[in-house]
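Some notes on the structure that comes next.
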Amino acid sequence: MSWRKGVSRMRKGVIGIGVLVLAAGAAGALYSRSKSEKDKPYKLVEVTKGPVVEKALAVGAIRPKREIAVKSKISGIVKRSFREVGDHVNTGDPLFEILPDPTPMELTEARREVEIARNIFDQAKKRSDRTAALSKQGIVSSQDSDTADKEIQDAQIRLNLAEERLALVEKGRVRSPQLNVESIIRAPVSGTVLELLVNEGDPVVPLTSYQAGTALTTLADMSQLVFKGTVDEIDVGKLKEGMPARIKVGAMPDAAVEGTVYKIAPKSKTAEGATLFDVEVELRPGAKVVLRAGYSANADIVVREKQAVLLIPERLVTFAEGKATVEVPPKGEGEPVKKEIKVGLSDGINIEVADGLNLKDQVVERPPKKIE
């Protein structure tokens, strides 16, 4: 019986030693594997599947679709302002009263216009009288007679306008059976007063054929706001009217407004050394965001998009000599291997893999180089 107990103890000892050896071997393998993985100077990134959207960025602001600068046709001093910023006005509503203060040159020009218009009228009347006499004799056609009548009517209108302008320059008021013109500047369209550019007592230069004149105020229809911005010359060739856009307003980072590109400038402009093109995006109705003219904004214009494509981070792709390559892990020991792939759309962060990799394949990502 004693020898059986001894054999049993020996068997248990051998089994225990075997278990310890196996455990030590497994632990050594795990340690060796973890050590080798830790020693690798890179990490692995899997190929995923998802959507990718190619965009063009436009930088600009929210603006009224149409702004009108109101100017005076007579020179003088601002006597009175009838409106405040933010007021809504209808066509014909008074905006300013101008106290006439014409310069000698303006008086001379207005009088010269009257003389020219009177000479044109006199010549047209002579032709009309001569044509009427010839028409009675049957020498000219009725069409020639009608043309002469129209010429004298146009000449009469021009003379009336020149005389009214002269009276307006001299006295600031014109009264005629057909027209009552005063030195009151009225709203040419309905809209909101965006800004007042003059104060009472400020001098006013009139709008003429040889000078731009003083802008008194700016009117705009605030119900028609658009995004106006610029895109880089690299992106403008991809854009077309009708492309969708998503506008992000700086004052409201959590809100976005959908829109559609409706205008692309045919000519570039230069700003701070960059070549840019103007674009305009019409905002889609129904937006719950309250917008104001002047808000800074960016527009992501959707050029192309795809769904459920293979993707990898674009930073892992090397472009050289017209080819795109990535590094993939070796099958055994050794260094990563370069592999050529075909790429498609990019959103600036991820890029589509059109060929060369499969879903769940791994790509090498090396750590950034330290600059000493």
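Assorted remarks:
- Residues with amide H under 5 Å from that of K263, placed H, sequence gap 5 or more: E280
- FRET efficiency for the pair L107 and E233, taken as 1/(1 + (r/R0)^6) with r the Cβ-Cβ distance and R0 = 51 Å, rounds to 0.50.
- Shape of the range 325-372 from the C-alpha gyration tensor: oblate (a/c of 1.5 or more and a/b not above b/c, with a ≥ b ≥ c the square roots of its eigenvalues).
- Checked against a 29 Å cut-off, the cross-linked pairs K49/K267; K49/K238; K65/K267 give Cα-Cα distances beyond that limit for K49/K267.
- On the basis of the beta-carbon distance and an R0 of 30 Å, K73 and A251 show a calculated FRET efficiency of 0.20.
- In straight-distance terms, cross-link reach from K43 covers every one of the aspartates and glutamates whose alpha-carbon lies under 12 Å from its own, apart from those fewer than eight places away in the same chain; here that gives E327, E365.
- Prolate/oblate/rounded label for the range 67-220 (Cα gyration tensor, a/c 1.5): prolate
- Taking the centroid of alpha carbons for each part, the range 101-159 and the range 338-369 are 79 Å apart.
- Links that overshoot a 19 Å alpha carbon limit, given the list K240/K263; K248/K288; K342/K369; K263/K306: K342/K369; K263/K306
Every number here is computed from the coordinates shown, using simple stated rules; none is lab data. Small disclaimer: the values here were computed from a predicted structure and weren't measured. So basically every Cβ, Gly included, is an ideal-geometry build from the backbone, and we count neighbours across all protein chains shown.
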